[in-house]
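The values are calculated or read from the model by the stated rules, or taken from the named source; none is laboratory data. Because the structure is predicted, anything quoted here is derived from the model rather than measured. Glycine gets a Cβ as well: all are built from the backbone with ideal geometry, and neighbour counts include every protein chain shown.
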Amino acid sequence: MVETLRQDGISGPHDFAPAVALKDEIRRHIWLSMGRDPAKPNRHACFMGLAYSVRDRLIDRWIRTQRSQYDTLSKRVYFLSLEFLPGRFLMNYLISLQMVEEARQAVEEMGFDLDELEEEEWDAGLGNGGLGRLASCYMDSLACLDYPAYGYGIRYDYGIFHQTIENGWQREQCDNWARKGTPWEIRRGEYLTPVRFYGRTEIYTDAAGRECFRWVDGEVVMAMACDILVPGFGDQFVTNMRLWRAKSSREFNLDEFNQGDYIGAVEAKVQSETISSVLYPSDEMEQGRELRLKQQYFFVAATLADIVRRYQKLNRDFSEFSDFVAIQLNDTHPAIAIPELMRLLMDEEGLSWKKAWSVCEKTFAYTNHTVLPEALETWPVDLLRRLLPRHTDIIFEINRRFLEGLKSPRSKDDGLAGRVSLIAEGVGQRVRMAHLAIVGSHTVNGVAALHSRILKKDLFRDFNTIFPGRLTNVTNGITPRRWLAQANPALSRLINDAIGSEWITNLEQLRKLEPLAEDADFRRRWIKTKRDNKKRLARYILRKIGLGVDPDTLFSVQVKRIHEYKRQLLNVLHVITLYHRIRANPDAPVVPRTVIFAGKAAPAYHQAKRIIKLINAVAAKTNSDPDIQGKLRVLFLPNYCVSQAEKIIPAADLSEQISTAGMEASGTGNMKMSLNGALTIGTLDGANVEIMEEVGKENIFIFGLTADEVVALRGSGYRPRDYYDSDAELRQVLDSIIRGDFSPDEPLLFAPIVETLLQQGDYYMLLADYRAYVNTQEAVGKLFLDRNEWAKKSILNTARMGKFSSDRSVKEYADRIWNLKPLPEIG
Ligand SMILES: *Cc1c(COP(=O)(O)O)cnc(C)c1O
């Protein structure tokens, strides 16, 4: 599909013979790499053969990219993230290598369809949602822009759980994503890094008579590197994510061995490998589990050892470290990297505290992703001290010096030290990881303008005073390669025909579509493309859940993690409102809608799981009611993941982005849908604010309280009851839920949901926004009837999304935070 986009074919001494040879290569891999008969491969074998052939090409470019990085001594950025959510790789690689059509033809000649082969690949879900997906979009942009960059994380055996729906409830199944083997990872079994846990700090005197510290005893786990390649688009640049797997260390515990418990010793070793076994499945909170902290330190320690090893090859003094190394902390999950670098520099490299600290401050930067209090990470000091005794001492010393520095005459604020301390005092002391990350970084950023403003004036207000200029904003972005070129080939073709294909690497080029909003013929083709995508999604829905949907209805889409602050429940209240209206007035004209939900709830998040059950209960009632037929369909698609997002998003008419203002840091789903021509109905929250600025107020449906109004209303005593009492339609909706209309066998099933609204203060202020939301939805319906007006706005949404390319985000990080230059042309 993209071959036609660029005329400059790939050439050079290292390149592989084109077209004809690919089929032979696939066969050769089926035969020699997989040990199967190439004469009659099945679909999986063909997928693997193609995958290995693609991998060969990537490895060649990768090695040349690495060489080039060493030759130029360029500064590198290390992107540390506990989560990456890459999804499938095959099509992304084929597009980057510009060999989609070549591959299609080769597999066709072998009797397979490329789109079916694509479905053979298991979605790599090594992240929960937005945060992990952002990391993957940034990896794509870093590679496309030729930045010397590496992603670092954990190679989980089990990614985000597989969600099924049983009787309307979410069920979790483990996601053994690599059980059939994954062709993409390059395992470096020969290269292992030791990581220590537990033990104690020992004081000794070195040869020069200085008092020194070292961390001894405890147990050692080995980290094995697995590299996954990340190619740029249409050029030679290939970088990698290095994901660590835990492997038992080779030494046996001699005490146990001497006692003859050989098997016991081996078992203990094997047990240590559980560190990298499973991704924690909560996206906005993680209670202090020891294994989670072990995961964090495990990947951080292995990563820093790798970084320092690479730096030492340069033979330079550590005072120059930050001229060659930038480390980005994706949220606080890797914040233990700060004391770890201090430990390495002082205990292993002999730097003084002052020198080591100066290196840290110039090296680290931290991205905050949330203001939700329950999502701000803290760790009990007791646990930390047991697991990482030396780091705990270092954290306390960082804190002591930091608080000492505050005691300047300017500060008369008695509460300040307590508020900004790295240690929260309470029933037991806890370490505030965000404070550690802020104090140890030169730059701290939020992920959308509104979010960063809230950080400065609210959550991190004190730090903004103590470290003026340290807090900044970099608005999130998404990669146009995956979220338009790959996910929406039909729309990509239409755009290419109209304005060429430069948008793939320069999304601002989409502006050239603006005048075409007035072109009737272009609009007709735009509408047809959307309809084709909706038909494609309708087939998928039928296959997955056996429900037929009409592609001519308005597809309203809310797909994201299920969380109360994201307010899927508000969407449900609107659906029930429509249901009541249709029932009450069956002959009145309505704009037929298909309301699509998808998303996973954290397994321990009971309220979120009940909301999934409610969605399914409302869907069951609505979809089976003959009075409603053809007017309203509601559905929940199980197991939302990247590859499913790629099917849903191109088919969305309406993008539901309705979080309580001030609570969604940015959102990226909002960008994906707008880029694919959906109109947004949303609150002034996260990046919605900037999407409105870009597309224009007249091309987006904004409703509800602003972030400031939410704070003010909460301060002045919010009374959700008042809305219930004064709005008859809202009352009818809530009453019908309480009455058990959607759970006749178990009338009280959904009472806890209504209770949070009416009795427990409606923290997320659904009732305050209900009327504005319902009325705005009416305006949406009205506009949808005017297909031409809708199409104009749809085109303008796509045309004006240039800002939200992750290429722009990554350039901002490189220029303003990392001081990083792209690598020169690779030979
Ligand atoms: C983009 C994406 C998200 C984030 O969606 P939001 O609407 O920004 O919360 C979550 N999960 C997947 C699979 C995604 O692709």
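Tabulated results
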read-out	value
Inter-residue pairs, beta-carbon under 7 Å, first more than 24 Å from Asp685 (Cβ to Cβ) and without any contact (Cβ under 8 Å) to a residue 60 or more places away in the chain and in the range 638-657, second among the basic types (Lys, Arg) and within 8 Å of the ligand (Cβ to nearest atom), 6+ apart	none
Residue that is nearest to the chain's Cα centre (by Cα) [pool: residues in the range 226-251 that are under 18 Å from Ala301 (Cβ atoms) and among the polar types (S, T, N, Q)]	Ser248
Extreme residue, farthest from the ligand (Cβ to nearest atom), among residues of the range 542-589 that are among the polar types (S, T, N, Q) and not in a loop (DSSP other than H, G, I, E, B)	Thr577
Test set (1) under 23 Å from the mean Cα position of the chain (by Cα); (2) more than 23 Å from Trp503 (Cβ to Cβ); (3) more than 13 Å from the ligand (Cβ to nearest atom) - Phe112 fails condition number	(1)
Selection from the range 679-691 of residues that are surrounded by fewer than 23 Cβ atoms within 10 Å (Cβ to Cβ) and more than 14 Å from Thr668 (Cα to Cα)	Leu684
Single match in Leu351, Leu406, Leu372 (criterion: surrounded by 14 or more Cβ atoms within 10 Å (Cβ to Cβ), more than 33 Å from the chain's Cα centre (by Cα) and modelled with pLDDT under 95)	Leu406
Top-ranked residue in the range 671-720 [being touching a residue at least 60 places away in the same chain (Cβ under 8 Å) and of a type in the set (Asp, Glu); ranked as nearest to the ligand (Cβ to nearest atom)]	Asp685
Qualifying residue in the range 508-528 (condition: part of a strand (DSSP E or B), under 30 Å from Lys803 (Cα atoms) and aromatic (Phe, Trp, Tyr))	no
Those strands (runs of 3 or more DSSP E) lying entirely in the range 119-232 with at least 2 residues among the hydroxyl-bearing types (Ser, Thr, Tyr) and crowded, with 21+ Cβ neighbours inside 10 Å	149-154
Filter result (under 17 Å from Leu507 (Cβ atoms) and within 12 Å of the ligand (Cβ to nearest atom)) within the range 640-665	Ile649
Qualifying positions in the range 181-208 - farther than 23 Å from Ile336 by Cα, among the hydrophobic types (A, V, I, L, M, F, W, C) and free of Cβ contacts under 8 Å to residues at least 12 places away in the same chain	Ala207, Ala208
Any hit, the range 626-635, residues being crowded, with 21+ Cβ neighbours inside 10 Å, of a type in the set (A, V, I, L, M) and more than 16 Å from the ligand (Cβ to nearest atom)	yes
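Conditions (1) out of contact with any Leu (no Cβ under 7 Å at 6 or more places or on another chain); (2) under 14 Å from Pro650 (Cα atoms), marked per residue:
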{"residue": "Leu494", "(1), (2)": "yes, yes"}
{"residue": "Asp497", "(1), (2)": "yes, no"}
{"residue": "Trp503", "(1), (2)": "no, no"}
{"residue": "Asn506", "(1), (2)": "yes, no"}
{"residue": "Asp521", "(1), (2)": "yes, no"}
{"residue": "Lys528", "(1), (2)": "yes, yes"}
{"residue": "Arg531", "(1), (2)": "yes, yes"}
{"residue": "Lys534", "(1), (2)": "yes, yes"}
{"residue": "Leu537", "(1), (2)": "yes, yes"}
